[in-house]
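To start, the structure under review is shown below, and the notes come after it.
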Amino acid sequence: MLKNGQYRTRAGSTVRISGEHSGIYEIEFDWVEENACVDCVPAVNDGYLSWHCERWGGDSARLYPVEEK
């Protein structure tokens, strides 16, 4: 399970996790860079950002911690 903080995929999508139990997710999904259709629904699962739609299926990308400056 990911801890509170900011994470990014290699393609540039970002996820911010917050909340007392790290249960609040704010996803900025880059459909073009992640090669996903606009109907895909993104979600965070076990250290990955995944996406899926009924027509094309889906994919996932590993989330990497963003270093605070």
**Fill in**
Of the residues in region 32-41, those that are open to solvent by 90 Å² or more (accessible area, probe 1.4 Å) and either in contact with a Pro (Cβ under 6 Å, 6 or more places away or on another chain) or closer than 16 Å to GLY57 by Cα (or both) number 5
**Item:** Selected residue (criterion: nearest to the chain's Cα centre (by Cα)) from residues of region 49-69 that are within 17 Å of ARG16 (Cβ to Cβ) and loosely packed, with under 15 Cβ neighbours inside 10 Å
**Value:** ARG62
**Message:** If I go through region 24-65 residue by residue, how many of them are among the basic types (Lys, Arg) and more than 14 Å from ARG10 (Cβ to Cβ)?
**Reply:** 1
**Request:** Select from region 22-31 the residues that are more than 22 Å from GLY58 (Cα to Cα) and not in a strand (DSSP E or B) and list them in ascending order.
**Result:** SER22, GLY23
**Prompt:** Got at least one residue in region 4-21 being at pLDDT below 95, among the aliphatic types (A, V, I, L, M) and either open to solvent by 30 Å² or more (accessible area, probe 1.4 Å) or assigned to a loop (DSSP other than H, G, I, E, B) (or both)?
**Reply:** no
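The values are calculated or read from the model by the stated rules, or taken from the named source; none is laboratory data. Nothing here was measured: the structure is a model prediction, and the numbers come from that model. Heads up, the Cβs are rebuilt from the backbone with ideal geometry, glycines too, and the neighbour counts pull from every protein chain shown. Heads up: the accessible areas ignore ligands, DNA and RNA and are worked out on the full protein's heavy atoms, side chains in. Shrake-Rupley method; radii C 1.70, N 1.55, O 1.52, S 1.80 Å.
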